[in-house]
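The values are calculated or read from the model by the stated rules, or taken from the named source; none is laboratory data. From a predicted model like this one, the values you see are computed outputs, not experimental measurements. Cβ: placed from backbone, ideal geometry, glycine included. Neighbour counts: every protein chain shown.
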Amino acid sequence: MWSGRTFRVCEPEGVPLRDAVADALALPSVLATMLRSLIEAWPEQVYAEPLVTTRFLGQRTTYVCDPRYIRSLLVDQADALAREPFMLRALVPALGTGILTADGPHWREQRRTAAPMFRPERVRGFVPAMAAAAQATRARWLRGGPADGVRDILPEMMRTTFDVIVATMVSGDDALEVEPFGRAIDAYLAQTSWKIAFTMLKAPAWTPHPGRRAGARAARYVRGEVARTVARRRARGEPGADLLGLLLQAVDPETGEGLSDASLVDNLLTFVAAGHETTALALTWTLRVLADHPEIERRVLAEIAGLGGDLAEAPHAVDRLAFTRQVVLEVMRLYPPAPLIVRRAAAEIRLGDTVVPAGQSVHVPVYALHRHRLLWHRPEVFDPDRFAPGPSAARDRYAYLPFGAGPRVCIGMGLALTECLVILATLLPAFRFVPERPGMPAAQFRVTLRPRNGMPMKVVARHDR
Ligand code: HEM
């Protein structure tokens, strides 16, 4: 089906003067589009072609949308890839150089050391904490709230997944203060679009932008809080059974070395930042999509009812939520919480006949890949049966990348999926969700894929409770 040809949105050679002038004139509208949603700046061809190369202000970006080339890029040529500078400029001030932002040997050591913590048997151990966080949300909603019952589901899910992160990572006396910590993370993330846009436009790092001061303050606050938590735990001499405790005891299986305090802070913050908003978005989009598909929701409810008990007491029962899992996977096809995977070629990359020179950006536009006309039958239609065992096995692994692929695949994938299932199994039997506005909200790229203007829905307790 794939022709292997390269569609060049840009001219193949040089940057003629007229193009440079045209780029300069287009700058204000391009900046506005990037800030509104980077996805809107993608050329239409990313939904229909295998490879698309664009050029703007003399910079080229190759978008890879063919599963064969994606495998070649993210797996076979992974060693020739580096982190994209705009991502580093957006994230390093808060996250330091943890697993998400580090490259080379520093990344490899941290990844090897932390990997055992995310194995399935460990994740099962976190199910009671996940269920407790979901039950706290259920109790909060049952106690009542806004007179009209309308809640913005995204902050509600962020609160729930943040509770999970705190309970699983730093529990007991060390628990982080949920409200100010969550607010600081939000303030930080809110200004990252400016940093991304300015790096792409080659503006220097000191360029002022809205939210810059608040972002810097937020980074100082979260780093300080986590550093104090690590120091307290070290001083106590008893590591504890949460993720921080596991990280404190973890050693690199190759070198026998543990993580430094700086690495501990970087990685705890990385797990909070990479794990809480993404999972909250998967849940938010799922609740909204289910509201439009009552017949699918009934199948989900029947499956949850079939568990016949509390997941906190039987964590393994989560494996029986096979159809609910298909629903979450299909929602993440249409609304991938991480809609773009970015890399910079550190050495020359070859994708079929196309050569990506060292120094050029090479991106996998996950949102477009998941709606690609050559890969999916009726891509806009929500159909969880695409993820039934048969169709899943028949599909190219690299056509579906909500968690990325290759050595840098999401380390928290199993944790996130389990968390989604536990939270849905707790909330869906208790409430109906009625959208406040007709139609799906537009999806907006803000590092993650957010619903523009939130996700207001009426939360109605089901009568049979
Ligand atoms: C639905 C929820 C989630 C989604 C959609 C998601 C998505 C992703 C994606 C696409 C990547 C690869 C990025 C790339 O290749 O550049 C990634 C990496 C990563 N994720 Fe997740 N993630 C989720 C939840 C989590 C959770 C719960 C954690 C940890 C608690 C986590 C921690 C990480 C880390 C540390 C990396 C970097 C891995 C590396 O570079 O070696 N994520 N995630």
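Applying the set (1) within 18 Å of residue 402 (Cα to Cα); (2) free of Cβ contacts under 8 Å to residues at least 40 places away in the same chain; (3) touching a helix residue (DSSP H, G or I) at 6+ places or on another chain (Cβ under 8 Å) to residue 324 leaves exactly one unmet item: (2).
Is it true that some residue in region 410-422 is within 16 Å of the ligand (Cβ to nearest atom), under 24 Å from residue 146 (Cβ atoms) and either surrounded by 20 or more Cβ atoms within 10 Å (Cβ to Cβ) or of a type outside the set (Lys, Arg) (or both)?
So in region 410-422, the residues within 16 Å of the ligand (Cβ to nearest atom) come out as 410-422.
Retained after the next criterion (residues that are under 24 Å from residue 146 (Cβ atoms)): none.
The answer is no; no qualifying residue exists.
Restricting 320, 325 to those that are basic (Lys, Arg) and either in contact with a Pro (Cβ under 6 Å, 6 or more places away or on another chain) or within 30 Å of residue 76 (Cβ to Cβ) (or both) reduces the list to 325.
Note on region 336-454: enclosed strands (runs of 3 or more DSSP E) holding 3 or more residues that are touching a residue at least 40 places away in the same chain (Cβ under 8 Å), assigned by TED's automatic domain parsing to the domain that holds residue 326 and in contact with a Pro (Cβ under 6 Å, 6 or more places away or on another chain) are 448-451. Checked across region 117-134, the condition of being in contact (Cβ under 8 Å) with a residue 60 or more places away in the chain, in contact with a His (Cβ under 9 Å, 6 or more places away or on another chain) and surrounded by 15 or more Cβ atoms within 10 Å (Cβ to Cβ) holds for at least one residue. Among the conditions (1) more than 13 Å from the ligand (Cβ to nearest atom); (2) in a helix (DSSP H, G or I); (3) crowded, with 20+ Cβ neighbours inside 10 Å, the only one that residue 457 does not satisfy is (2).
For region 275-304, a tally of residues being surrounded by fewer than 17 Cβ atoms within 10 Å (Cβ to Cβ), assigned to a helix (DSSP H, G or I) and of a type in the set (D, E, K, R) returns 3.
Taking residue 288, is it assigned by TED's automatic domain parsing to the domain that holds residue 436, in contact with a His (Cβ under 8 Å, 6 or more places away or on another chain) and within 16 Å of the ligand (Cβ to nearest atom)? No, not satisfied.
The single condition from (1) surrounded by 21 or more Cβ atoms within 10 Å (Cβ to Cβ); (2) within 16 Å of the ligand (Cβ to nearest atom) that residue 426 fails is (2).
Listed here are the residues, each with its yes/no results for (1) crowded, with 20+ Cβ neighbours inside 10 Å; (2) over 30 Å from residue 146 (Cα atoms).
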residue: 161; (1), (2): yes, no
residue: 167; (1), (2): yes, no
residue: 178; (1), (2): no, no
residue: 183; (1), (2): no, no
residue: 188; (1), (2): yes, no
residue: 195; (1), (2): yes, yes
residue: 211; (1), (2): no, no
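For region 376-404, a residue qualifies if it is aliphatic (A, V, I, L, M) and either crowded, with 22+ Cβ neighbours inside 10 Å or in contact with a Lys or Arg (Cβ under 7 Å, 6 or more places away or on another chain) (or both), and exactly one does: 401.
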